[in-house]
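The values are calculated or read from the model by the stated rules, or taken from the named source; none is laboratory data. Given the structure is predicted, the values throughout are model-derived calculations rather than measurements. Methodologically, a virtual Cβ is constructed for each residue, glycine included, from the backbone with ideal geometry; neighbour enumeration extends over all protein chains shown.
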Amino acid sequence: MKVLFVSRERHRLPLDDVQRRKWDAIAAEVEPRVLASAPDGFPTEDGRFRLAPPFRPRVLDGLVFYAALPLRVARELRSFRPDAVLAQGVHETALVLLARRLAGSPAKVVLDLHGDWRTATRLYGSPLRRLLSPLADAFGPVAIRRADAVRALSPMTQGLAQGHGREPAAVFPAYVDLEAFSAPIPPLPAQPRALFVGVLERYKAFDTVLAAWPLVPDGTLHVVGSGTLAPFPKTERVEWTPRLTAPEVAAAMDEATVLVLPSRSEGLPRVAIEALQRGRPIIGGRAGGIPDIVRDGVNGLLVEPGDPQALADAIVHVFADRELAERLAAGARETAAEWRATPEEYARRLGELLRGA
């Protein structure tokens, strides 16, 4: 079965070991062709991968990608002649449906629903993107109702599809490579330490983290990531690392008491799954797919997004109560197995979804 995979996700060629394991497993189930984006300075063609070249200025990069997508997909439909197209996101799916009409292709279109599309123009990038909200919002119902099948990542995205009258054909999480997070788990550190891993943007509520931390009297905050909210005021209790490899992220988690993830919007956060594998509790925002992973009082605590005082209170609570921290850490270890899947298991479920469509 020939399948065209379409997404805005950025890939680097040649693939790293994590991506290679994933795509080798998928290639054992179907014949894949990938149409995604490439970062600056990387090749855009390699076997089954055909990546969209970056566009300058970067402020228009996304706009150009979406404007060109129907014609680029139509070209792939005529040349590759796939049996199905798996599109990641409602905006991509709506444009793939247009491309299918342009190409006169019989290929089935499967929507890979990763999150709430209504946040894309409200919490991401420039405030000017909010002007596109009415158009972007309209893409969701069209894609959900007209796709030949829908796959949800979590109960949260399943509910989004059901809200528009569509029962997903499958519900299973995105593949998360956990090889770097599978070593024996060390005990919690003696000194309180919080860890934030993610892009430094409003949708991740990093502004909330910055406002909350001065309200925490003790401990250290380690920030891993980059974004428009960097650089930020740093003190002797705040460490910042712009980028870490997966093994280095695992080591940072081992040094932490708790992972802080107070996002305003999430699909199914990979970093939360990784933290569970390292036996670290999570203080998460009650938004998106975070409550699908973080069980309040079991493997972490949930707080309202955008509330610095609530976030600070939760951090102080975990730091001050060692018994609570140990109980939540035990809960993290116990619930971690629910999110483990080999590349072969993920590919098998994906193959079943596509063949069913």
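Conditions tested, residue by residue: (1) in a helix (DSSP H, G or I); (2) at pLDDT 95 or above; (3) within 16 Å of residue 197 (Cβ to Cβ).
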position	(1), (2), (3)
235	no, no, no
249	yes, yes, yes
253	yes, yes, yes
272	yes, yes, yes
284	no, yes, yes
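Inspect the stretch 338-357 for any residue being under 21 Å from residue 193 (Cβ atoms), touching a residue at least 24 places away in the same chain (Cβ under 8 Å) and of a type outside the set (A, V, I, L, M) and give the result as yes or no. Quick ask: steps written out before the conclusion?
Within the stretch 338-357, the subset under 21 Å from residue 193 (Cβ atoms) is none.
Among the residues of the stretch 338-357, not one is under 21 Å from residue 193 (Cβ atoms), touching a residue at least 24 places away in the same chain (Cβ under 8 Å) and of a type outside the set (A, V, I, L, M), which makes the answer no.
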Any chance residue 65 is out of contact with any helix residue (DSSP H, G or I) (no Cβ under 8 Å at 6 or more places or on another chain), touching a residue at least 60 places away in the same chain (Cβ under 8 Å) and not charged (D, E, K, R): no
Residues of the stretch 75-93 satisfying the condition of being closer than 22 Å to residue 138 by Cα and at pLDDT 95 or above: 85, 86, 87, 93
Near pairs, Cβ below 7 angstrom, 6+ apart or cross-chain, from the stretch 8-30 (acidic (Asp, Glu)) to any residue that is assigned to a helix (DSSP H, G or I): 29/347; 29/348; 29/350; 29/351
The stretch 81-109 residues that are surrounded by fewer than 18 Cβ atoms within 10 Å (Cβ to Cβ), paired with ones that are of a type in the set (Ser, Thr, Tyr) and outside any strand (DSSP E or B) (beta carbon under 8 Å, 6 or more apart): 81/105
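With the requirement that a residue be assigned to a loop (DSSP other than H, G, I, E, B), closer than 19 Å to residue 276 by Cβ and more than 24 Å from the chain's Cα centre (by Cα), what does the stretch 177-212 give you?
As a first pass, look at the stretch 177-212 and keep what is assigned to a loop (DSSP other than H, G, I, E, B): 177-178, 182-192, 198-201, 205.
Within this subset, residues satisfying the condition of being closer than 19 Å to residue 276 by Cβ are 177-178, 182-189, 198.
Result: 184, 185, 186, 187, 188, 189.
One line per residue, one yes/no per condition, for (1) modelled with pLDDT of 95 or more; (2) of a type in the set (Phe, Trp, Tyr); (3) crowded, with 23+ Cβ neighbours inside 10 Å:
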| residue | (1), (2), (3) |
| --- | --- |
| 212 | yes, no, yes |
| 220 | yes, no, no |
| 228 | no, no, no |
| 231 | no, no, no |
| 257 | yes, no, yes |
| 288 | no, no, yes |
| 298 | yes, no, no |
Members of the stretch 1-15 found to be farther than 17 Å from residue 68 by Cβ and over 18 Å from the mean Cα position of the chain (by Cα), listed by number: 1, 2, 3, 13, 14, 15
Selection count, the stretch 327-355, where residues are closer than 11 Å to residue 173 by Cα and among the hydroxyl-bearing types (Ser, Thr, Tyr): 1
